[in-house]
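Student: Have a look at this one.
The values are calculated or read from the model by the stated rules, or taken from the named source; none is laboratory data. Computed from a prediction, not measured in an experiment: that's the story for all the values here. Here Cβ is always computed from backbone atoms with ideal geometry, including for glycine, and neighbour counts include all displayed protein chains. Surface areas here come from the heavy atoms of the whole protein model, side chains and all, with no ligands, DNA or RNA. Shrake-Rupley method; radii C 1.70, N 1.55, O 1.52, S 1.80 Å.
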Amino acid sequence: MNTIVEDCPCTVNCVRHGDCVACIAFHRSKGWPLVACMQELLNQHNQLKKGKGN
């Protein structure tokens, strides 16, 4: 069972709003890029990796 995120940062109002697992799975099934609310997390992760020299 997926957990619904009450404070979902996504600005798109869709049937998957707040259900991160379903949202990511839907995007992947369509071959679409990473969902907008996850892009900032990925950017932060990449910056941390660069700072560590990895």
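Student: Would you work out what percent of the accessible area of the chain, with all protein chains in place, is carbon or sulfur (probe 1.4 Å)?
Tutor: Numbers: 2640 of 4650 Å².
So the carbon and sulfur contribution to the accessible surface is 57 percent.
Student: Give me the 1.4 Å probe accessible area per residue for the chain, excluding ligands and nucleic acids, in Å². Could the numbers behind the result be given before it?
Tutor: On the way: 4650 Å² over 54 residues.
Per-residue accessible area for the chain comes out at 86 Å².
Student: Whole Å is fine, so just give me how far the alpha carbon centre of segment 32-54 lies from that of segment 1-18.
Tutor: So the two Cα centres are separated by 21 Å.
Student: What are the trypsin sites (Lys or Arg not before Pro) within segment 8-54 that DSSP puts in a loop, where the Cβ has at most 14 other Cβ atoms within 10 Å?
Tutor: Numbers: sites: Arg16, Arg28, Lys30, Lys49, Lys50, Lys52; in loops: Arg16, Lys52.
When the trypsin sites (Lys or Arg not before Pro) of segment 8-54 are filtered for loop state and at most 14 Cβ neighbours within 10 Å, Lys52 remain.
Student: Follow-up question, since we're still on this one. From the mean inverse distance of alpha carbon pairs (Kirkwood) and the Cα radius of gyration, derive Rg over Rh for the chain. Don't skip to the answer; put the middle values down first.
Tutor: Details: Rg = 13.3 Å, Rh = 12.5 Å.
Rg divided by Rh gives 1.06.
Student: Any idea of Thr11's accessible area? Nearest 10 Å², probe 1.4 Å.
Tutor: 140 Å²
Student: May I ask for the angle, rounded to the nearest 10°, between helix 20-30 and the longest principal axis of the chain, with both axes built from Cα atoms and the value confined to 0 to 90°?
Tutor: It works out to around 90 degrees.
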